[in-house]
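Here is the structure we will look at, set down as structure tokens.
The values are calculated or read from the model by the stated rules, or taken from the named source; none is laboratory data. These numbers come from a predicted model, not from an experiment. For neighbour counting, all protein chains shown are included, and Cβ atoms are generated from backbone atoms with ideal geometry for every residue, glycine included. Accessible surface is based on the protein model in full, side chains and every heavy atom, while ligands, DNA and RNA are left aside. Shrake-Rupley method; radii C 1.70, N 1.55, O 1.52, S 1.80 Å.
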Amino acid sequence: MSVPTLTLNDGIKIPQLGLGVWKMEDAETPRIIRNALDAGYRHIDTAAAYGNEAGVGRGVADSDVAREDIFVTSKLWNDRQGYDETKRAFDETLDKLGFDYLDLYLIHWPMPARDKYVETWRAMIELRDAGRIRAIGVSNFLPDHLERLIEETGEAPAINQIELHPRFQQADQRAAHEKLGITTECWSPLGQGEALANPILTEIAARHGVSAAQVTLRWQIQLGLVTIPKSANHERMRENIDVFDFELSEHEMAQIKQIDTAAGRIGPNPATADF
Ligand code: A2P
């Protein structure tokens, strides 16, 4: 079964599951991308900060899959925020990818202490309106950052990509997105591999004859989220996309809800992060 798409608030369709390429070496990336495309992935999530946009672009160019059939996301790094700087950084990203348009461009972190994310957002709106980006969004934005963008520009992000995995489920943030018409995308959806030994997940996995990683990704799919598991390994990559022919029951969804914990965050807190 192929990966279903979700329709964003601007009408653009995104495959609900994609490949994250954080921590992949640029030189290794083209081969990994070709493997992913062979395995059926049509959505790749990179960022300027990952240092592998050129590798992603080469992987896409070398494959038999047409560019327009692949949904590619990249992100603006923190030191490039600001109206003019955003436009320059976007040109560099597109140049490294070797593309003439990008599917989704995100502001990587809000960096509230620097107070540049509104002017950054204005530049992204213009790039989108000029036809150079199909959809624009943000990452790691808290509800007050999102509300400010909407209040000052009249434009809600299509997506907010946030840390989200069984130990850190972000129910309040998801509810805020729903109210604002913003799609939630999960980064570190597998909790960077650490959540997978959880006995609730392994028990549900055994019942369905799948892995704990597959249960986790299926849980995100059934919540209506976009998810981008990272794997550099061919077999695990295939395993992660194979989550469309089993279904978790309401009881199992409720069991997974219990894994959430106040101490579950792995990454930085966006309210104070400044790097
Ligand atoms: P690898 O690249 O060797 O497969 P996240 O997407 O939450 O950041 O998690 C990525 C981490 O989880 C990576 O270390 C990755 O390692 C590992 N991983 C990815 N898929 C699986 C899987 N199906 N089972 C176990 N570990 C996985």
Query raised in the report: In deg cm²/dmol, rounded to 500, what helix-only [θ] at 222 nm does the chain give when every DSSP H run of at least 4 residues adds -39500 (n - 2.57) and the total is split over its residues?
Result: -11500 deg cm²/dmol
Query raised in the report: Expressed in nm to one decimal, what extension gain is obtained for the pair Ala273 and Thr5 from 0.36 nm per residue of sequence separation less their Cα-Cα distance?
Result: 93.3 nm
Report task. Counting other Cβ atoms within 10 Å, keep those with at most 16, restrict to DSSP loop, and tell me which trypsin sites (Lys or Arg not before Pro) in segment 217-265 are left. Result -> Arg265
Requested in this report: Only Cα pairs under 8 Å and at least 6 apart count here; give the relative contact order of segment 1-87 as a rounded whole percent.
Outcome: 27 percent
Query raised in the report: What length, rounded to one decimal in nm, is gained on full extension from Glu147 through to Asn233, with 0.36 nm per residue of separation minus their alpha-carbon distance?
Result: 27.1 nm
Query raised in the report: Among rounded, prolate and oblate, which fits segment 222-275 when a ≥ b ≥ c are the square roots of the eigenvalues of its C-alpha gyration tensor, a/c under 1.5 means rounded, and a/b larger than b/c means prolate?
Result: oblate
**Report entry** Contact order relative to length of the chain, as percent, for alpha carbon pairs under 8 angstrom and 6 or more apart
**Finding:** 19 percent
Report summary line: Unit-weight point scatterers at every alpha-carbon of segment 87-215, Debye formula, q = 0.14, 0.18, 0.22 1/Å: log10 I(q)/I(0) is -0.72, -0.97, -1.21
Query raised in the report: By the gyration tensor of its Cα atoms, with a ≥ b ≥ c the square roots of the eigenvalues, what is the shape of segment 13-130: rounded for a/c under 1.5, prolate for a/b over b/c, or oblate?
Result: prolate
Query raised in the report: So what is the relative contact order for segment 1-151, in percent, with contacts set as C-alpha pairs under 8 Å and at least six apart?
Result: 19 percent
Report task. Distance check, please: which entries in Lys116/Lys230; Lys87/Lys116; Lys75/Lys179; Lys23/Lys116; Lys87/Lys230; Lys87/Lys179 exceed 21 angstrom between their Cα atoms? Result -> Lys116/Lys230; Lys75/Lys179; Lys23/Lys116; Lys87/Lys230; Lys87/Lys179
Report task. Quick one: work out the % antiparallel among DSSP beta bridges in segment 129-275, nearest 5. Result -> 10 percent
Report task. Please give the direction-averaged projected area of the C-alpha convex hull for the chain, in square nanometres with one decimal. Result -> 13.4 nm²
Requested in this report: Would you mind telling me the antiparallel percentage of the DSSP bridges in the chain, rounded to 5?
Outcome: 15 percent
Query raised in the report: Where the centroid of each part is defined by its Cα atoms, how far is segment 43-88 from segment 1-20 in Å?
Result: 17 Å
Report summary line: Taking Glu53, Glu203 and ranking on accessible area (1.4 Å, protein atoms only), highest first, one gets Glu203, Glu53
